[in-house]
Amino acid sequence: MPEKRYIVTLTDEERGALEAIVSKGQGGAHRIKHAHILLNADENGPNLPDAVIAQQFRCHFNTVANVRRRFVEHGLTGALERKKREAPPTPPKLDGRGEAQLIAIACGPPPEGCARWTLSLLADELVRLEIVDSISPDTVRVTLKKTKSSPTCASAG
């Protein structure tokens, strides 16, 4: 078993906050589990080995090690809360300029032979004008839903 690299030493205030989280049982399950892990990993408390803590709380050994590391590096809040994503997993297809062009197209006259713009026609037009490489009609729908004007109304503006 590897030696502990990150030593958890809780202050009385931190221990009290963690015990309050555990005793109330309110909040996210991961938050309560991480509080249990920290309480059992405390140098001034039980100081259980990571493998025992992992078995006791039915989590992976790496979870215990990661909670220890986040506590040492980022403090109590960093160990209890999940990390927020800095960027979405896939970048948005349309930026502000692309959205403006989509709205301008949707508010303009429909193509020849059509009574009005459909989401598929708008998506195809964005690709034809080389605003985007590819886009789904649903992405067009979500983008237009964000606007306050109705793209199907001739007097929209």
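The values are calculated or read from the model by the stated rules, or taken from the named source; none is laboratory data. For clarity, every value in this text was computed on a predicted model and none was experimentally measured. Heads up, the Cβs are rebuilt from the backbone with ideal geometry, glycines too, and the neighbour counts pull from every protein chain shown.
For the stretch 51-60, does any single residue satisfy the condition of being in contact with a Lys or Arg (Cβ under 6 Å, 6 or more places away or on another chain), outside the structural domain of S134 (by TED's automatic domain parsing) and on the phi < 0 side of the Ramachandran plot? Taking every residue of the stretch 51-60 in turn, at least one turns out to be in contact with a Lys or Arg (Cβ under 6 Å, 6 or more places away or on another chain), outside the structural domain of S134 (by TED's automatic domain parsing) and on the phi < 0 side of the Ramachandran plot. Pairs linking a residue in the stretch 57-79 that is in a helix (DSSP H, G or I) to a residue that is among the basic types (K, R), with Cβ atoms under 6 Å and 6 or more positions apart or on different chains, are G78/R70; A79/R70.
Within the stretch 1-54, take every residue that is assigned to a helix (DSSP H, G or I) and polar (S, T, N, Q) and give me the one that is nearest to G75 (Cα to Cα). Only one residue fits best here, namely N40.
Selection within the stretch 102-144: residues that are closer than 16 Å to P92 by Cβ and among the charged types (D, E, K, R). The member of this set that is surrounded by the fewest Cβ atoms within 10 Å (Cβ to Cβ) is D133.
Among the residues of the stretch 94-132, those identified as assigned to a loop (DSSP other than H, G, I, E, B) and touching a helix residue (DSSP H, G or I) at 6+ places or on another chain (Cβ under 7 Å) are L94, P111, C114, W117, I131, V132. Within this structure, T139 passes the test of being outside the structural domain of L18 (by TED's automatic domain parsing) and of a type in the set (S, T, N, Q).
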